[in-house]
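A.B. asks: First the structure, then my questions, so here it is.
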Amino acid sequence: MSGGPETLVDCVRLGEEGATLERVFALRDLPRLADVLSDSEGEVSASYEFSLTENAKAGVSIAVSAVPIVQCQRCMLPFGLRVATQSEIEFAADESQAGGRSAREPVVMRGGMVSLRDLAEEELILALPVAPACSTPETCGRAPSFDDGAGVAPATPTVRPFSGLQDLLKKPR
């Protein structure tokens with residue numbers, strides 16, 4: 001995790017103090033989201049509640065909310081997708097300590113420090129769907145309309161591409 005000095009915190013100290021922090025980050029400052037977003041305008045709000053876990057390690061409960069502009073995979077138009085997520089994280093000094101039996105997600109610290117911006121960015125990445133869709137197919141921006149104006153869907157012929165296969169299987173060799 002990289003982060004500017006303004007976002008780096010000593011999570012062990014904050015966990016011992018039981019500190020709560022609130023931060024707002026511009027989406028344009030989250031480089032790993034650049035390829036996912038249609039527009040880098042907007043912000044992500046993050047709330048961090050630090051504590052000591054049941055394993056006596058530093059941990060945080062992080063809640064993230066944002067409305068990033070993503071591209072609908074149905075109509076290919078941009079739209080604002082409301083995202084809200086919450087996770088439980090436990091901090092580890094190195095990789096060997098990160099594989100415990102905790103129900104919390106492990107995050108490895110760098111020199112006892114963690115970037116709040118990177119934590120928020122990671123949560124937002126995990127919360128975004130792989131194929132976002134702006135709404136139901138009937139109201140999606142460019143989805144085909146099946147209404148002929150009378151409220152009745154037009155009858156479409158049934159195509160059965162393998163119907164001739166049955167005849168081929170019955171013929172003797």
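Only the coordinates and a few stated rules stand behind these numbers; no lab work does. Being a predicted model, the structure only gives us computed values, none of them experimental. Reconstructed Cβ throughout: ideal geometry from the backbone, glycine too, with neighbour counts over all protein chains shown.
A.B. asks: Which residues among the range 28-71 fall inside the zone where the amide N is under 11 Å from a point 7 Å beyond the Cα of LEU21, along Cα→Cβ?
C.D. replies: Answer for this model: 47-50.
A.B. asks: Quick query: amide H of GLN73 versus all other amide H atoms, modeled in the peptide plane; which residues come in under 5 Å with a sequence gap of 5 or more or a different chain?
C.D. replies: Correct list: ALA133, CYS134.
A.B. asks: In addition: Run the numbers for LEU52 and LEU168: contour at 0.36 nm per residue of separation, minus the present Cα-Cα distance, in nm.
C.D. replies: On the way: separation 116, 0.36 × 116 = 41.76 nm, distance 7.05 nm.
That works out to 34.7 nm of additional length.
A.B. asks: Step through the residues of the range 38-44 one at a time and calculate ³J(HN,Hα) from phi using the Karplus curve (6.51 cos²θ - 1.76 cosθ + 1.60, θ = phi - 60°), rounding each to whole Hz and writing x for Gly and Pro.
C.D. replies: 7, 8, 8, 6, x, 8, 10
A.B. asks: Could I ask something else about it? What value in Å³ per residue do you get for the convex hull of the alpha-carbon atoms in the range 1-70? Provide the component values of the computation, followed by the final result.
C.D. replies: Details: hull volume 7.0 nm³, N = 70.
Convex hull of Cα atoms, per residue: 101 Å³.
A.B. asks: Oh, and also: Return the distance in nm (one decimal) between the two label points of a simple spin-label model at GLN86 and SER61, each offset 7 Å from Cα along Cα→Cβ.
C.D. replies: The modelled label-to-label distance comes out at 0.6 nm.
A.B. asks: Which three extents, in angstrom, do the Cα atoms of the range 8-127 have along their principal axes, listed largest first?
C.D. replies: 49, 25, 21
A.B. asks: Just to confirm the filter: which GluC sites (Glu not before Pro) across the range 10-47 are DSSP coil and have at most 14 other Cβ within 10 angstrom of their Cβ?
C.D. replies: GLU41
A.B. asks: Could you give the size of the charge dipole of the range 43-114 about its Cα centre, using +1 on the Cβ of each K and R and -1 on the Cβ of each D and E, expressed in debye and rounded to the nearest 20?
C.D. replies: Dipole size: approximately 260 debye.
A.B. asks: Taking the Cα centre of the range 8-127 as origin, work out the dipole magnitude from +1 charges on Lys and Arg Cβ and -1 charges on Asp and Glu Cβ, in debye rounded to 20.
C.D. replies: On the way: 11 positive and 20 negative charges, 50 e Å.
Dipole size: approximately 240 debye.
A.B. asks: Treat each spin label as a single point 7 Å out from the Cα along the C-beta direction, and report the ALA93 to SER40 distance in nm.
C.D. replies: 3.8
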